[in-house]
Amino acid sequence: MAFASFKEVLLDGLKNGYAVGQFNMNNLEFTKAIVEAANEEKSPVILGCSEGAIKYMGIDYTVAMARVAAETAKVPVILHLDHGPSFEYVVKCVRAGFSSIMIDASHYALEQNIALTKQVVELCHPLGIEVEGELGRIGGTEDDLTVDELDATLALPAEALRLVEETGIDALAPAIGSAHGVYVGTPKLSFDRLEEIRDLLSNVPMVLHGGSGIPDADIRKAISLGVSKINVNTENQIAFTHTIREIFNKDAKVYDPRKYLGPGKEAIKEVVKEKMRLFGSSGRA
């Protein structure tokens, strides 16, 4: 089937109390593992792709792989730009065939965030492409924030309302204390802040970035408070690399890529399936 509607998939999650996973593409093995898991779990799925991954794979290869995956899948598949850095880059991805877009203007002041996000929405909506925006700053490898800076980075409810109302975005990623990469210690999410934002927004799905390593109970609570998209990448990367490293440690003479990339793909697949069950998206397609 063709790429599914980002908005329709997320709204169904919001209405029915589950979240759809965004799992990032890093190569062919990641792409196949994610979509195979979605088929087996009968779950909708979002293939996320960052600027760095697109640069590594090539934008045409990226879209082609995702399109083949969607056309052969038995479940809704979405190709989503993750952390689009600029309007010009968004245009490039729209022209290449991405089916939904995240514009990350969260590092700007609110007025500039609104202006850039609105510009992206005005480009994308007439083309049937839905848009995710971000407010506040998410820590980790993206911007090297320290724990002491955490509170200053959280999304403000009043600003969240303005961003949604003045731009028309289809989903909002509010910073509530999650981080990209590997967590040092247990992450502390601000559920009070999430609930305040949820209460102000009308039927707008919320997104949790940095979903790798967050305790299961916190994931379930976030979903109960309106999160209907959760991003996962680091756990898949770790599972993939750990499996390949184990193979090399056992047999230094292995040289056929299929002998280690295949098991690596299966490791990703198991992580994705576990996440789909946790998110409640299994059986929803």
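Just so it is clear, none of the values below were taken in a lab; they were calculated from the coordinates. Because the structure is a prediction, the values reported are computed rather than measured. Neighbour counts run over all protein chains shown; Cβ positions are idealised from the backbone, glycine included.
Before moving on, here are some points about what is shown:
- Taking the stretch 51-62 as the range and being within 24 Å of LYS273 (Cα to Cα) and surrounded by fewer than 21 Cβ atoms within 10 Å (Cβ to Cβ) as the test, only ALA53 passes.
- Restricting attention to the stretch 67-105, the residues that are within 17 Å of ASN231 (Cα to Cα), in contact with a Gly (Cβ under 8 Å, 6 or more places away or on another chain) and surrounded by fewer than 24 Cβ atoms within 10 Å (Cβ to Cβ) add up to 1.
- Residue count for the stretch 57-75 under the criterion of being in contact with a helix residue (DSSP H, G or I) (Cβ under 8 Å, 6 or more places away or on another chain) and outside any helix (DSSP H, G or I): the result is 3.
- Hits in the stretch 267-285 - residues which are under 18 Å from ASN233 (Cβ atoms) and either touching a Ser or Thr at 6+ places or on another chain (Cβ under 8 Å) or touching a residue at least 24 places away in the same chain (Cβ under 8 Å) (or both): ALA267, ILE268, LYS269, GLU270, VAL271, VAL272, LYS273, LYS275, MET276, LEU278, PHE279, SER281
- GLY283 within 18 Å of the chain's Cα centre (by Cα) and on the phi > 0 side of the Ramachandran plot: no
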